[in-house]
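Okay, so here's the structure we're looking at.
The values are calculated or read from the model by the stated rules, or taken from the named source; none is laboratory data. Worth saying up front: this structure is predicted, and the values here are computed from it rather than measured. Counting neighbours? That spans all protein chains shown, and the Cβs are built from the backbone with ideal geometry, glycine included.
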Amino acid sequence: MTTTNTLSAHAYAAPAAKAPLERTTIPRRPVGARDILIEIKYAGICHSDIHQARDGWGEGIYPMVPGHEIAGVVTEAGSSVTRYRPGDRVGVGCFVDSCRECDQCRAGREQHCERGMTGTYNALDRNGDPTYGGYSTHIVVDEDYAVRVPDALPLDVAAPLLCAGITLYSPLSRWGAGPGRKVAIVGLGGLGHMGVKIAHAMGAEVTVLSQTLRKEADGRALGAEAFHATSDPATFEKLAGTFDLIVSTVSAPLDFDAYLSLLKTDGALVNVGAPEEPVSLNLFSLITGRRTLAGSMIGGIAETQEMLDFCAEHGLGAEIELIRADQINEAYERVLASDVRYRFVIDASTI
């Protein structure tokens, strides 16, 4: 790698919508004064990678290099960089830039930038060039959009925290998961398993709501005190009015009226999954119980750092299956079949 001109990096990319990912070479911008060059060590596979690579959320930019759960090591720092130096362990999450000037950015909520955040991949940067994600050997980012990975967190289990971790930490923190609060996590997958771990570490009483009881032993081992099958109608009768907070991690449409009935008065159902299909809702479910239906999307840079520090303090990393880069397409199919416990992580040295 040389930084005198545009860089090149090896990567795995989808050449077109729904096409299998294949090994290729991509350009990376030269290291600017405020940039850091990161040698990627590990990259998690998020369900949203599959949605975007297969055009599930609208027209994509191809070739597309997915990956926004990135953990690696700084190998070069620009002349004006103050936060990092070569050898530092860092992470990059779901976005790599924002306007920095709007009220949201100034409040540390860059993910809600009023002019639109710049996604780590499948986006255009301020120069109009496409961004490429973490299924790659290297990435160049502005130092303000990287976070420090604490030494207590191994890089492989830390990578999924850059999306899955912050996606659950943010609503659990925002809606007050903690001692004396009953929290339900819907779905025990890549997102949900981190929700159980984090909510338990925050001191909440945690329940998992899953379609079947197949993963009950796992859920309890991760910190859940109860586990219920949502395919059983009796579950909704038994648990009516039970929870202060429900966080749904599933990407399939839910019967929101049924789930809202599980909340106490003033309880909140927060959705972090993103179904491709429209959903319906009877507003009386909200009105009669003074309940809240909300959404949450990742977190800002400061909150992401807070999450990493929290996870390091409590010994929380993702449960992962480490794969070679040439196993990505197989891993995608296994994610869709719910055949992963609980996050695939790519060893970037195999790219």
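What the table shows:
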quantity: Qualifying residues in region 71-107 (those that are in a strand (DSSP E or B) and among the hydrophobic types (A, V, I, L, M, F, W, C)) - the one surrounded by the most Cβ atoms within 10 Å (Cβ to Cβ); calculated: A71
quantity: Residue under evaluation S173, criteria (1) more than 18 Å from G273 (Cβ to Cβ); (2) assigned to a strand (DSSP E or B); (3) among the polar types (S, T, N, Q), criterion not met; calculated: (2)
quantity: Selection from region 257-285 of residues that are modelled with pLDDT under 90, over 20 Å from the mean Cα position of the chain (by Cα) and either surrounded by 14 or more Cβ atoms within 10 Å (Cβ to Cβ) or not in a helix (DSSP H, G or I) (or both); calculated: E277, P278, V279, S280, L281, N282, L283, S285
quantity: Test for E313: is it of a type in the set (D, E), loosely packed, with under 14 Cβ neighbours inside 10 Å and not assigned by TED's automatic domain parsing to the domain that holds I40; calculated: no
quantity: Pair list, Cβ under 6 Å, 6 or more apart: region 256-283 residue free of Cβ contacts under 8 Å to residues at least 60 places away in the same chain, other residue assigned to a helix (DSSP H, G or I); calculated: D257/S285; A258/F236; L260/S285; L269/Y259; L269/L260; L281/F256; N282/D257
quantity: Positions within region 18-60 being closer than 21 Å to I351 by Cα and aliphatic (A, V, I, L, M), in sequence order; calculated: A19, L21, I26, I36, L37, I38, I40, A43, I45, I50, A53
quantity: Members of region 191-211 that are in a loop (DSSP other than H, G, I, E, B) and among the small types (G, A, S); calculated: G203, A204
quantity: A221 among the hydrophobic types (A, V, I, L, M, F, W, C), in a loop (DSSP other than H, G, I, E, B) and either within 17 Å of R343 (Cβ to Cβ) or modelled with pLDDT under 95 (or both); calculated: no
quantity: Filtered residue count, region 286-309, keeping only those that are farther than 23 Å from I346 by Cα, among the hydrophobic types (A, V, I, L, M, F, W, C) and buried (at least 19 other Cβ atoms within 10 Å of the Cβ); calculated: 1
quantity: Pick from region 108-164, criterion in a strand (DSSP E or B) and hydroxyl-bearing (S, T, Y), ranking: nearest to the chain's Cα centre (by Cα); calculated: T118
quantity: Any hit, region 45-58, residues being out of contact with any helix residue (DSSP H, G or I) (no Cβ under 7 Å at 6 or more places or on another chain) and exposed (fewer than 14 other Cβ atoms within 10 Å of the Cβ); calculated: yes
quantity: Those strands (runs of 3 or more DSSP E) lying entirely in region 1-70 with at least 2 residues hydrophobic (A, V, I, L, M, F, W, C); calculated: 7-13, 35-44
quantity: Tally, over region 246-265, of residues that are in contact with an Asp or Glu (Cβ under 8 Å, 6 or more places away or on another chain), closer than 25 Å to G176 by Cα and not basic (K, R); calculated: 2
quantity: Any hit, region 20-27, residues being modelled with pLDDT under 95, among the hydroxyl-bearing types (S, T, Y) and on the phi < 0 side of the Ramachandran plot; calculated: no
